[in-house]
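K.L.:
Can you read through this structure? Questions will come right after.
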Amino acid sequence: RPRPSLPAAVVGAGLGGSAVAYFLQQHFGPQVQLDVYEAAGAGGRLATVTVNKQQYESRAASIHALSLHMQEFVKILGLKHRREVAGKSAIFSGEHFVLEETDWYLLNLFRLWWHYGISFLRLQMWVEEVMEKFMRIYKYQAYGYAFSSLEELLRSLGGEAFVNMTQRSVAESLLEVGVTQRFVDDVIAAVLRSSYGQSVLVPAFAGAMSLAGAQGSTWAVEGGNKLVCSGLLKLTKANVIPARVTGISLHSSEGRALYQVHYEGSEGQGSAFYDMVVVTIPLHPSRSNFTFENFEPPIADFPGAFQPSVTSVVHGYLNSSYFGFPDPKLFPFASILTTDTPDLFFNAMDNICPVNISAAFRRKQPQEAAVWRVLSQQPLDKQQLKTLFRSYYSVQVTEWQAYPRYDAAKSLPPIMLHENLFYLSGVEWVASSMEMIAVAAKNVALLAYNRWHQDLEKIDQKDLMHKVKTEL
């Protein structure tokens, strides 16, 4: 029989931690007593920087229109979508622009067709097929179904084909459906450098999710995306403990597993006992110094590495002549993506708008000082900054281990580490986006709930599409 209360810990208060806290409370109700451990403040990688008293997103900025969990969070928290400020994009090869967007939709289509034949249509059909199957997850989750491994989750959506998409590259998959090598080298490479900082060798599933975001309509949260995290934690009334978790040790009480969470805070070291723990921070040795004690068999090390990424937020005057526009007034682009060229020292750059956009706001003219976000793999040196900007007032640099190095691991991490000990961040090895993390958070909450109540019929069910149709 369930105990009267269920003490549960969530390690990390980024989007994964705040979303899983919300979903756990949604399913368990007042029975669950939540402690959320976070040393650096809610938001995790959803962070902002301040330039001239205005805040700007420094990292993950856009959310796809089909991100249903993110849409729900914004709605229940009473947040708003940020007003869109239009701007054109282009792809730069280091010497010239290989593709330029115009204000005319039909002209853009004509240019794509002229340069690449029907490759862009084949890409669109491939991405749409993947997304259509992926969208099944919302129906499964609405009916309370959960999955104990990432492989099972993928199989339920798209069969073995989806599992295989985590093992083969996006380039290989696209060439197979008739997309040309030139289109892959110019367009696909530019999108993946911008989103993951990596090449067309990233797995096909991660690539499809990134490409869906690049071609669909996207949005962001007015006031900053990190408001979703702080809002969800406030809504769940979770007890946020400002401390870094150093490890978890296993004990038992009345035949049930009991987890001791060890942490370090400003007042020194401490620990607390829980019936359930969800870890939402990456457990790879390069990212965290985290220990597991008394587990038999021992919890294995997590293979794989993370891709270093550098975000430079620069307030200055763009050097448009570097891009072939001696007169800055004629430079038409707000966003520049780049091809995989050895000499190029940056992955992408865009003229960013503040997180609060008033009705009177207008995008700066190209000859004016503007705030640009430059993404690169290494910090930019003085010479590189001078190449991109005629002059600048300020540069704010954020270095972070952004995404998994997708070529570094061949197997997906587990979701279940022990009976009631769950790992959320492993989903990033399938694909990394805000919505993927929200989907994983909902899955972990449902898995925890179904296991706690021994409702095994709701876990890893086969032929779910048929089951859900008959339930309807």
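The values are calculated or read from the model by the stated rules, or taken from the named source; none is laboratory data. Since this is a predicted model, take the numbers as computed values, not measurements. Using ideal geometry, Cβ is built from the backbone for each residue, glycine included, and neighbour counts are taken over all protein chains shown. The protein model used for the area step is the full one, side chains on, heavy atoms only, and it has no ligands, DNA or RNA in it. Shrake-Rupley method; radii C 1.70, N 1.55, O 1.52, S 1.80 Å.
K.L.:
Just one of (1) 35, 27, 22; (2) 45, 31, 19; (3) 40, 26, 20 is semi-axes √(5λ) of the Cα gyration tensor in Å as worked out from the coordinates here. Which one is it?
P.N.:
Recomputing semi-axes √(5λ) of the Cα gyration tensor in Å here gives the entry labelled (3).
K.L.:
Right, next: Quote the relative contact order of segment 63-114 in percent (integer), defining contacts as alpha-carbon pairs under 8 Å separated by 6+ residues.
P.N.:
Working: 22 pairs, mean separation 9.0, N = 52.
Rounded, it is 17 percent for segment 63-114.
K.L.:
Put +1 on the Cβ of every Lys and Arg and -1 on every Asp and Glu Cβ in the chain; which of 96, 247, 378 then has its Cα farthest towards the positive end of the dipole?
P.N.:
Towards the positive end, the residue furthest out is 96.
K.L.:
Over the chain, calculate the relative contact order: mean separation of alpha carbon pairs under 8 Å at least 6 apart, over the residue count, as a percent. List each step's numbers first, then the result.
P.N.:
Numbers: 906 pairs, mean separation 120.3, N = 472.
About 25 percent, as a whole number.
K.L.:
Kirkwood Rh over Cα pairs of segment 315-428 into Stokes-Einstein at 20 °C, 1.002 mPa s: D in µm²/s? Write out the running numbers ahead of the final one.
P.N.:
Working: Rh = 17.2 Å.
This corresponds to a translational diffusion coefficient of 124 µm²/s.
K.L.:
Sequence-distant or interchain residues sharing an amide H contact under 5 Å with residue 243, placed H: which?
P.N.:
Counting only residues 5 or more places away or on other chains, the set is 38, 39.
K.L.:
What helices does the chain have that are whole DSSP H segments, at least 20 Å long along their own axis by Cα, and with mean Kyte-Doolittle hydropathy of -0.5 or more?
P.N.:
Values: long enough: 119-134 (22 Å, 0.08); 434-452 (27 Å, 0.64).
Flagged H segments are 119-134, 434-452.
K.L.:
When the expected Rg is taken as 2.2 N^0.38 Å, what fraction or multiple of it is the alpha-carbon Rg of segment 1-67? Don't skip to the answer; put the middle values down first.
P.N.:
Working: Rg = 16.0 Å, N = 67, 2.2 N^0.38 = 10.9 Å.
This ratio for segment 1-67 stands at 1.47.
K.L.:
Starting from the 7 Å offset along Cα-to-Cβ, what nm value, one decimal, do you get for the label separation of residue 175 and residue 50?
P.N.:
5.1
K.L.:
Can you give me the Rg/Rh ratio for segment 164-289, using Cα atoms for both radii and the Kirkwood formula for Rh?
P.N.:
Details: Rg = 21.6 Å, Rh = 18.9 Å.
So for segment 164-289, dividing Rg by the Kirkwood Rh gives 1.14.
K.L.:
Shifting gears a bit: Sort largest first and round to whole Å: the equivalent ellipsoid semi-axes of segment 1-117, each the square root of five times a Cα gyration tensor eigenvalue. Working shown, then result.
P.N.:
Working: eigenvalues 367, 68, 39 Å².
Each semi-axis is the square root of five times an eigenvalue, giving 43, 18, 14 Å.
K.L.:
For residue 459 and residue 411 in one chain, what is 0.36 nm times their gap in residues minus the Cα-Cα distance, to one decimal in nm? Mind dumping the intermediate values first?
P.N.:
Details: separation 48, 0.36 × 48 = 17.28 nm, distance 2.14 nm.
Contour length minus the Cα-Cα distance gives 15.1 nm.
K.L.:
Counting only helical runs of four or more DSSP H residues, what would the 222 nm mean residue ellipticity of the chain come to if each run contributes -39,500 (n - 2.57) and the total is spread over all its residues? Before the final figure, lay out the partial values.
P.N.:
Working: 13 runs with 143 residues, N = 472.
Helices in the chain give a 222 nm mean residue ellipticity of -9000 deg cm²/dmol.
K.L.:
Going by the alpha-carbon gyration tensor, a ≥ b ≥ c the square roots of its eigenvalues, is segment 227-370 rounded (a/c under 1.5) or, if a/c is not under 1.5, prolate (a/b greater than b/c) versus oblate? Please list the in-between numbers first.
P.N.:
On the way: a/c = 4.04, a/b = 2.23, b/c = 1.82.
Prolate is the answer for segment 227-370, as a/c is 1.5 or above and a/b outweighs b/c.
K.L.:
In addition: When ligands, DNA and RNA are left out and all protein chains stay put, how many square angstrom of accessible area per residue does the chain have with a 1.4 Å probe?
P.N.:
Averaged over the residues of the chain, the accessible area is 45 Å².
K.L.:
Then there's this: In percent, what relative contact order does segment 157-268 have, based on Cα pairs under 8 Å that are 6 or more apart in sequence?
P.N.:
Details: 89 pairs, mean separation 20.9, N = 112.
In percent, rounded to a whole number, it is 19.
K.L.:
Here's something else I'd like to know. For residue 293, list long-range residues whose amide hydrogen, built 1.01 Å from N in the peptide plane, is under 5 Å from its own amide hydrogen.
P.N.:
For residue 293, the qualifying residues are 248, 249, 250.
K.L.:
Looking at the square roots a ≥ b ≥ c of the eigenvalues of the Cα gyration tensor of segment 94-233, which shape do they give, rounded for a/c under 1.5, prolate if a/b is larger than b/c, or oblate? Display every interim value, and only then the final one.
P.N.:
Details: a/c = 2.01, a/b = 1.37, b/c = 1.47.
In terms of gyration-tensor shape, oblate.
K.L.:
Using a probe of 1.4 angstrom, how much of the accessible area of segment 187-273 is carbon and sulfur, in percent?
P.N.:
Percent of accessible area from carbon and sulfur atoms in segment 187-273: 51.
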